[in-house]
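For reference, the structure is listed below as structure tokens.
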Amino acid sequence: MSSCDLCVVRNRAICSALDGSEIEALNAIGRRRNLKAGESLIWEGEDSVLVANVIEGVLKLSTGTEDGREQIVGVVYPSEFIGRPFGGTSGHGVTALTDARVCVFARRDFDAFAREHPKLEHKLLERTLGELDRTRRWMLLLGRKSASEKLASFLLELSERMTPVGCETDFEEPGPKRLELPFSRQQIADVLGLTIETVSRQFTRLKAEGVIDLPSRREVVILDPDALTAEAG
């Protein structure tokens, strides 16, 4: 069996639009790569030479300011697509937040394959439009929402896009949702445009109100999704 046959995100990634022979052809131009937490895959401002599907782990998209600060501008989860097909330079760096596994393609090979397979191009367009919608929602979050609304919205997005701990297939089952955070408190603050003190206060308040539990600094259990949704505004 090929690595594509055994892929855990096969039915959710962009390649889900392809049939068996097409998957075999795509598998022939790709390779698996393991990343350690903190290891970079793509560097900001460099030529776009590769694209990738995320199989396991979480990666951040970040850009640097003139004074050397980093701003996280996006997060990529399993089954999602990384890179800029069809030319250009990379507008942001891509770095693993956790240990990760990705399926990497040379960008030129992937471009040629996509041009010959309209179903894959269509899937790429769908993903691009979905990412545009998320970006617009994020603009609202950063520009208009309060600190409590920002953190609640952030946790809800994590619950939608990450598989909770101990639940590999269906995270819509009733009951508490346990999430393993790929972020430190400081990274959450950077993503949301808040201070680390504000993030910590909001976590403490949500726990005190019974909306979430915090078994550790890297785990969140959503106890009351309805209350969290109301908190998000």
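The values are calculated or read from the model by the stated rules, or taken from the named source; none is laboratory data. As the structure is a computational prediction, the values presented were derived from the model and not from experiment. Counting neighbours? That spans all protein chains shown, and the Cβs are built from the backbone with ideal geometry, glycine included.
Results, tabulated for the structure shown:
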| quantity | calculated |
| --- | --- |
| Unmet requirement for His92, which otherwise passes all of (1) under 30 Å from Ala232 (Cα atoms); (2) loosely packed, with under 13 Cβ neighbours inside 10 Å; (3) in contact (Cβ under 8 Å) with a residue 40 or more places away in the chain | (2) |
| Given (1) part of a helix (DSSP H, G or I); (2) surrounded by fewer than 18 Cβ atoms within 10 Å (Cβ to Cβ); (3) in contact (Cβ under 8 Å) with a residue 60 or more places away in the chain; (4) not hydroxyl-bearing (Ser, Thr, Tyr), number of the condition Asp190 does not satisfy | (2) |
| Strands (runs of 3 or more DSSP E) within the stretch 47-165 that include 2 or more residues over 30 Å from Asp213 (Cα atoms) and assigned by TED's automatic domain parsing to the domain that holds Ala37 | 50-56, 59-64, 93-96, 100-106 |
| Residue match in the stretch 8-16 (condition: without any contact (Cβ under 8 Å) to a residue 60 or more places away in the chain and not charged (D, E, K, R)) | yes |
| Residues (among the hydroxyl-bearing types (Ser, Thr, Tyr) and at pLDDT 90 or above) located in the stretch 104-157 | Ser146, Ser148, Ser153 |
| Selection count where residues are basic (Lys, Arg) and either in contact with a His (Cβ under 7 Å, 6 or more places away or on another chain) or closer than 21 Å to Glu116 by Cβ (or both), scope the stretch 1-44 | 2 |
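Table: residues versus (1) surrounded by fewer than 13 Cβ atoms within 10 Å (Cβ to Cβ); (2) at pLDDT 85 or above; (3) of a type outside the set (Val, Ile, Thr).
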| position | (1), (2), (3) |
| --- | --- |
| Arg12 | no, no, yes |
| Asp19 | yes, yes, yes |
| Glu24 | no, yes, yes |
| Ala28 | yes, yes, yes |
| Lys36 | yes, yes, yes |
| Leu41 | no, yes, yes |
| Val51 | no, yes, no |
| Gly57 | no, yes, yes |
